[in-house]
Amino acid sequence: MDVPQRGRRGWRVLAYMSVALGALLAVVGVWSLIPSAPGVGSWSSRETMQRYGRAYFSLLDGVPTPQRRWVETEHGSVHALVWEADNDRTPVLLLPGRSSGAPMWVENLEGWIGERTIIAADPIGDAGFSAQRLALTSFEEQAQWVDPLLGGLGVDRAHVVGHSFGGATATVFAERHPERTASLTLLEPVMVIRGLSLSTYFWATISQLPAPQSWKDRALAEIGGTTVEEVQKRTPMSEMIDAAASGYAAAVPMPATLSDEQWRGMTVPLRVDIAGTSSLAGGEAAAARIRELLPSAQVHLWPDATHSLPMDEKEELGPQLSMFWDDGDPP
């Protein structure tokens, strides 16, 4: 299903998401070329962590106060924000993109809180309030903290939703744990459907080199599908992501592209949402691949959206996801 094209909104979110993309692509485009031993993610300084925390909680001021929960896993303590609902509908687990954390979802939460329990996690090995103890030696291990997180929160099954890097994590989890996955929603997932383009690698490298700031701003604008002026704007979200990108040394292995056999073997209800502009998921080619391999999947191409799709299209996307989750709930 292709979503009808609408007028471009020029959303402020493109600015801060382009910063996040720069951080993500530093991992994808640069670190993948440099062999290194697996490590544990850490903050460069207390000051940077505090700056991140101020922005993190400032963003949460706009939504009902969640419970803060920590769950011990093999790889460390996972921090999650939980908005409980007074019903027995299947909960939703939200996995964010790189260098952001649970508040990435604040623009989307308004329409979901209260409908069903919502869980937004800070990933192990990335910025947030989770604390990594053990290195992740392969991307498949990314699924190993999601499973005990759900168990520690008393959740048997969840509708799993991932954006960007979180979409790759969600894919691995659903493949490994279909019994825990009521449905899988992938919003612009990186790498797992198609690899990145050469131009993306190029601009990602420029964004991380000791180059003039004007070059870096141009690179981030090219990656994010926005303008240099938008990149240079400052918001609480951009402050949080900038602190994470510049001050947190992430230790997350690279996602891999799933084979045709792996995608055909996906047994959970699947929805994939892909941007038509500056897509990092693979654009129309990625949509076509999933449609061919999994005819039962819901595949939506948003012609006017960028990689910031969850925020670009929140008015239409939110209700659509709610209906998709309703369809996946037990009768």
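The values are calculated or read from the model by the stated rules, or taken from the named source; none is laboratory data. Keep in mind the model is a prediction, meaning the values are calculated, not measured. Note that each Cβ is placed from the backbone with ideal geometry, even for glycine, and that neighbours are counted across all protein chains shown. We work out accessible area using only protein heavy atoms, side chains counted, and drop any ligands, DNA or RNA first. Shrake-Rupley method; radii C 1.70, N 1.55, O 1.52, S 1.80 Å.
Within the stretch 118-163, how many residues are under 19 Å from the mean Cα position of the chain (by Cα), assigned to a loop (DSSP other than H, G, I, E, B) and crowded, with 19+ Cβ neighbours inside 10 Å?
Going through the stretch 118-163 one residue at a time, the tally reaches 9.
When you scan the stretch 272-331 for helices (runs of 4 or more DSSP H) that lie fully inside it, which ones turn up with 2 or more residues that are modelled with pLDDT of 95 or more, closer than 17 Å to Gly167 by Cα and not small (Gly, Ala, Ser)?
Filter on the stretch 272-331 gives 283-293, 314-328.
Output yes when any residue across the stretch 47-70 is closer than 15 Å to Ala158 by Cβ and assigned to a strand (DSSP E or B), and no when none is.
The answer is yes; a qualifying residue exists.
Taking the options Leu93, Leu136, Leu196, Leu187, name whichever one is modelled with pLDDT of 95 or more and within 26 Å of Ser246 (Cα to Cα).
Leu187
Please verify whether Glu179 is in a helix (DSSP H, G or I), more than 20 Å from Glu84 (Cα to Cα), among the acidic types (Asp, Glu) and open to solvent by less than 40 Å² (accessible area, probe 1.4 Å), treating the condition exactly as stated.
Against the criterion (in a helix (DSSP H, G or I), more than 20 Å from Glu84 (Cα to Cα), among the acidic types (Asp, Glu) and open to solvent by less than 40 Å² (accessible area, probe 1.4 Å)), Glu179 does not qualify.
Which of the numbered conditions does Ser246 fail, given that it passes all the others? Conditions: (1) open to solvent by less than 50 Å² (accessible area, probe 1.4 Å); (2) closer than 30 Å to Gln213 by Cα; (3) part of a helix (DSSP H, G or I).
The number of the failed condition is (1).
Can you confirm whether the stretch 22-44 contains a residue that is assigned to a helix (DSSP H, G or I), at pLDDT below 95, within 24 Å of Leu134 (Cα to Cα) and open to solvent by 70 Å² or more (accessible area, probe 1.4 Å)?
yes
What number of residues in the stretch 48-68 are polar (S, T, N, Q) and in contact with a strand residue (DSSP E or B) (Cβ under 6 Å, 6 or more places away or on another chain)?
Number satisfying all stated conditions: 1.
What tally of residues in the stretch 64-84 results from selecting those that are within 16 Å of Ile113 (Cα to Cα) and open to solvent by less than 20 Å² (accessible area, probe 1.4 Å)?
Summing the residues that are within 16 Å of Ile113 (Cα to Cα) and open to solvent by less than 20 Å² (accessible area, probe 1.4 Å) in the stretch 64-84 gives 4.
Would you point out which residue out of Ala305, Ala285, Ala281 is in contact with a helix residue (DSSP H, G or I) (Cβ under 6 Å, 6 or more places away or on another chain) and of a type in the set (Gly, Ala, Ser)?
Ala305
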